Amino acid sequence: MNKKEAKELSEKITNAQISDMLNKAKAGIKDWTKPCKANKTLSRGVHWNTFAKVFDSKNENNAMLKYRLIQEYGEFLPKELQPIKKKKIEVKTFHQDPIFD
């Protein structure tokens, strides 16, 4: 999910949906040492400790907090909330060996 899609989604998603996303991420992520998407110098574990720990599903949260959580763990959202991915056009390459005469 790119930044623009995450920002738009963060403005309309509910706390319950984010909470469900975080629960799925907690169960689904096996390697917490991978770099996070927003800041490659931090691991996903550091990102979780920074953002997911302060998320409160009962109170209104900061829009930036929602944005960062969606940007990192958005693949755990239901399919209907995820943006539609454009299929890459497969281009066939034509090749000829060079003639050096």
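Values in this text are rule-based calculations from the coordinates and carry no lab data. Being a predicted model, the structure only gives us computed values, none of them experimental. Positions of Cβ are generated from backbone atoms using ideal geometry, with glycine treated the same way; all protein chains shown enter the neighbour counts.
Summary table below
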| quantity | calculated |
| --- | --- |
| Residues satisfying the stated conditions in segment 57-70, i.e. among the aliphatic types (A, V, I, L, M) and either in contact with a strand residue (DSSP E or B) (Cβ under 6 Å, 6 or more places away or on another chain) or surrounded by 14 or more Cβ atoms within 10 Å (Cβ to Cβ) (or both) | Leu65, Leu69, Ile70 |
| Filtered residues of segment 69-101 (kept if closer than 16 Å to Lys26 by Cα and either of a type outside the set (A, V, I, L, M, F, W, C) or in a loop (DSSP other than H, G, I, E, B) (or both)) | Gln71, Glu72, Tyr73, Gly74, Glu75, Leu77, Pro78 |
| Any helices (runs of 4 or more DSSP H) falling wholly within segment 1-53 and containing at least 2 residues that are of a type in the set (Phe, Trp, Tyr) | 44-51 |
| Odd one out for Ser43 among (1) touching a Ser or Thr at 6+ places or on another chain (Cβ under 7 Å); (2) small (Gly, Ala, Ser); (3) buried (at least 16 other Cβ atoms within 10 Å of the Cβ); (4) under 22 Å from Lys7 (Cβ atoms) | (4) |
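Residues are listed down the side, and each one gets a yes or a no for (1) touching a His at 6+ places or on another chain (Cβ under 6 Å); (2) exposed (fewer than 10 other Cβ atoms within 10 Å of the Cβ):
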{"position": "Leu22", "(1), (2)": "no, no"}
{"position": "Ile29", "(1), (2)": "no, no"}
{"position": "Lys34", "(1), (2)": "no, no"}
{"position": "Phe51", "(1), (2)": "no, no"}
{"position": "Glu72", "(1), (2)": "yes, no"}
{"position": "Pro98", "(1), (2)": "no, yes"}
